[in-house]
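To start, the structure under review is shown below, and the notes come after it.
Read-outs throughout are calculated quantities, based only on the coordinates presented, and are distinct from any laboratory measurement. What you are looking at is a predicted structure, and each value in this text was computed from that prediction instead of being measured. Cβ coordinates were reconstructed from backbone atoms using ideal geometry, including for glycine residues, and neighbour counts include every protein chain displayed.
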Number of protein chains: 2
Amino acid sequence: MQDLRSVFHPASVAVTGVSPGSAGERYADHLLNYGYKGDLYPLRPKGGEFRGLKIFPGIKDVPGPVDLAICCIPARHLPALIQDCADKGVKAAVVHTAGFSETGSPQGREMEAEMVRVARAAGLRLIGPNCMGVYCPRSGLSFASEFPVESGRTALICQSGGNSNFLVRAAAERGVRFSKVVSYGNACDINETDLMEYFIQDGETDVIAAYIEGIGDGRRFREVLGRLCAVKPVVILKAGATAAGERAAASHTAALAGSNAAWNALFSQTGAVRADSLDELVDMMVTLRFLPLPPGGKRVAIMGVGGGMSVLATDECERAGFLMPPLDDQVKHSLRKLLASDAGSMLGNPIDFPFWTMTEDQYRDALKAVLTWDGIDLFLYAAPLRQSEMRLADFVPLVDYQLRNVIGAAAGSVRPLAVVINLMGTGQSRLAAAALQQKCYEAGLPTYESTSSALKAIGRLARFHQARPSSQCPRQAGTSRHGNAGHIPDNGVR
Amino acid sequence: MQDLRSVFHPASVAVTGVSPGSAGERYADHLLNYGYKGDLYPLRPKGGEFRGLKIFPGIKDVPGPVDLAICCIPARHLPALIQDCADKGVKAAVVHTAGFSETGSPQGREMEAEMVRVARAAGLRLIGPNCMGVYCPRSGLSFASEFPVESGRTALICQSGGNSNFLVRAAAERGVRFSKVVSYGNACDINETDLMEYFIQDGETDVIAAYIEGIGDGRRFREVLGRLCAVKPVVILKAGATAAGERAAASHTAALAGSNAAWNALFSQTGAVRADSLDELVDMMVTLRFLPLPPGGKRVAIMGVGGGMSVLATDECERAGFLMPPLDDQVKHSLRKLLASDAGSMLGNPIDFPFWTMTEDQYRDALKAVLTWDGIDLFLYAAPLRQSEMRLADFVPLVDYQLRNVIGAAAGSVRPLAVVINLMGTGQSRLAAAALQQKCYEAGLPTYESTSSALKAIGRLARFHQARPSSQCPRQAGTSRHGNAGHIPDNGVR
């Protein structure tokens, strides 16, 4: 069991190195912009003032207790700073500074080891070095000003600071909100395994995503990951999976990457889901958060795409292991009553209505007939945003009309719906398309950039279910304007 | 030899079915918005006026000659309309209307066959039915108002209308401009093979991209594709590559898809490049247009990405068949003079300068030292747009600064440079990122959405060169504000 209360919920935070133009100033700035809720103490030998806060010269000069220290001063000062923190009774420290074991130099390695010795002797926990630290919306703790203020139920464990920025932003744009995110860098003390162990029992977390370059203790990692996978879905992107990548990982976070074969075995033993790129990791976070695919579900109906896209989507379905059954007679019968007579030829799967020939009532009824069809495990609606010859500005409202009705009809369906919105475009219409995407996730629907990436991600979820039929899977949430916090039950087994 | 002058360069165009709210009206609207340069005659039995043009009741009522008829009236009227066109001396017709052989009905098939009989008897050529037709900037011919007005030297042959819209827009956003695009649908007369044959000798076309669902005459297709590949690079996305996709293709454009094994053989026999998705087809159009990779080139240096992205990029390099050699001593020596002393550890590949510690002169000199390094065949600059913890609005100008200097340094380099710009983001910063992308292609540089897609596409180009060392490859063009027309020599062999 890991006690990481001071890491995630510190009542007070000190940021060292808050001098003009420095990384420390930027970090303190982010905490203030984001809205850290506890006591914030900027530190700098010269003293002074930062955004209305008094700057204390050193950690020992802070009047009250400090739970968490965020260390942004040069590496050579770190062992002494950690000693000061220990003396002050600080409980945990994020070492943002780089220049330790990842440099490969004996000095770097020694400074890191010294920090750990000092910290361990005092019972002070360390995150990093060479990392961004912690994002925990509930505490108002963040390493970027613009991260969502709402909490969610996805946790992210990320060895790289840059990638943690990317992953949080990319997932947030598609509605994922986080319980806790840790960018943990060189992992000199708290490592990926400690964090995984913490999330086994964390009541605020339902899904765990991880970007890992290497692990320290393979045996313990396998054991902890196995326990975590037994209770919550876990998706992992393993970087440094090739020989060259392994060398790059060593110089990035001093990580021992481990062979790809060993990792493959680990994935199949534990039931963790593997992602092969940052984009796939985001797709899986979205899928695990929003898609209540029934175990064994393989039958897909695709709507919205016309013509060539439907041929490609059919290829992609088959490649991802899905079936596309033809419409059954009852659905066809319901549709024939609603469609103009010459639309009969369109009654296949993929399903394509000539919505422009129908009243809104007819269109809604047709969608309802399809979305309540019980011969299907999953509906995929692909908004044909870039397939039309129309001006995008004229076309976006038509897609908005379709999407509004699809979302409405989906609300009455027990079967899951996923939406594809291709966000290409360089002008204002791109922003309009992004607004459509937001409408979807606010209605509790997963969105994807292409049918191909959607089917790949959902196919992974299906295989995950197959391997572990009793596993946890978040249920599709209802509509919510302000993120997804609290909408997923802790044990949403279907 | 195919004479398609009337298809691509008609002096006069008639559009049938121009009634309010119809497809014909939309088509005529696009031609006027785009700026068709010849005589345009809208047709409709009732007559009237359309945007200041007199509407004639029928094609025979048009006073002057008509080179190309665009037919948008219901399928059942098409055989008679084609007869009228033949009587009038029309040279070619685009049949936009659907509802022919792709429906699978005997009537649909018969109407299509009847059209072909009438047209062949009169020497009238047909495009379609069930297609968007022709986009040829030089003639001002277009099936979408918003397509680029500039000509380029890439041709696109696309069986699907929706996909042709997607492909033109997606490629145009990354600087590709077109000589001729044909959406040819059911291919009842002019088919993919005729078009390939035409492009063998078309002096306006250097690169051919194709989306194909199926072909009629496999033997002739192989022979013509072989001849085309001998003189120009060809990239093909074959849809309906799975059993289910094959059925979908049959009901989309009545295409006989052919087995995937037969297609694989075809690709290896002819040297055509295979793309597996629309996105990959766009990536290859960009690569073939902008990237002068030297034959045999396998050595890559990656710049710009920090930390975790560089580990992943290293994996992707190895997977795509590239090597990432360490920096050589001379480059290191030049860099050490320009960088602060503690930046020595960063002197690896991927290459990451602490540009914020350098003057612009130093930064430019450092980039120059790297970009003139002759141990490398390709430079990949990945703009770290979404990796920073900074607000995007603050970060875009920093990336702009880097990119400006990278583009400047690249201009003095003989080695090719590719740029990765991830365009995520839902706000105004997304539009700023799109402006950066435009800056790159105006400087003659290919842009990609991810290092992964860049390396995949460039790896395909490398394998293409390997298979055909004497093949044609467009040279990297100079800067141009208004598209790329005329910037690539017809025989740009390196």
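A few remarks follow.
- Degrees between helix A:392-411 axis and first principal axis of chain A (Cα, 0 to 90, nearest 10): 90 degrees
- Taking every DSSP beta bridge that has both ends in the protein assembly as shown, the antiparallel portion is near 15%.
- Exposure proxy order (Cβ contacts within 10 Å, fewest to most) of B:D61, A:D377: B:D61, A:D377
- C-alpha long axis of helix B:78-88 to longest principal axis of chain B, angle in °: 80 degrees
- Test item: Cα-centred dipole of the range B:293-467, Lys/Arg +1 and Asp/Glu -1 on Cβ, debye: 380 debye
- Summarising the amide proton neighbourhood of B:M303: residues at separation of 5 or more, or on other chains, whose placed amide H is nearer than 5 Å comprise B:I351, B:L380, B:Y381, B:A382.
- Of all aspartates and glutamates in the structure, the ones whose alpha carbon falls short of 14 Å from that of A:K60, not counting any fewer than 8 places away in one chain, are A:D84, A:D87.
- Pairs beyond 22 Å (Cα-Cα), from A:K368/A:K439; B:K180/B:K238; A:K88/A:K180: A:K88/A:K180
- Shown here is the pair-distance distribution of the range B:293-467: with all Cα-Cα distances grouped in 5 Å bins from zero up to the longest one, the shares run 1, 8, 18, 22, 22, 16, 8, 3, 1, 0 percent.
- Residue order for A:D67, B:D315, fewest other beta carbons within 10 angstrom first, comes to A:D67, B:D315.
- Each of A:A113 and A:D394 was given a label point 7 Å from its Cα along the Cα-to-Cβ line. The distance between the two points is 7.2 nm.
- Mean Cα-pair separation over length for the range A:148-290, i.e. relative contact order, pairs under 8 Å, 6 or more apart, %: 27 percent
- Cα-based helix-to-principal-axis angle, A:260-270 vs chain A, degrees rounded to 10: 70 degrees
- The magnitude of the dipole of the range A:83-182, with charges of +1 and -1 set on the Cβ of Lys/Arg and Asp/Glu and taken from the Cα centre, is near 460 debye.
- The loop-placed chymotrypsin sites (Phe, Trp or Tyr not before Pro) in the range A:13-94, going by DSSP, include none that has at most 13 neighbouring Cβ atoms within 10 Å of its Cβ.
- Taking label positions 7 Å along the Cα-Cβ direction at both B:N264 and B:V414, the computed distance is 4.0 nm, reported to one decimal.
- Neighbour counts of C-beta atoms inside 10 Å place A:R299, A:R109 in the sequence A:R109, A:R299, starting with the fewest.
- A simple rule links phi to the HN-Hα coupling: the Karplus curve 6.51 cos²θ - 1.76 cosθ + 1.60 with θ = phi - 60°, which for the range B:328-339 gives 7, 4, 5, 5, 4, 4, 4, 5, 4, 5, 9, 9 Hz, with x for Gly and Pro.
- Residues with amide H under 5 Å from that of A:A14, placed H, sequence gap 5 or more: A:Y41, A:L68, A:A69, A:I70
- Computed over chain A: relative contact order in percent, which uses C-alpha pairs under 8 Å that are six or more apart: 13 percent
- Per residue of A:158-170, other chain Cβ atoms within 10 Å of the residue Cβ number 6 on average.
- In the protein assembly as shown, a dipole from Cβ-located charges (positive for Lys and Arg, negative for Asp and Glu) runs towards its positive end, and of A:F221, B:P416, A:A443 it is A:F221 whose Cα lies farthest in that direction.
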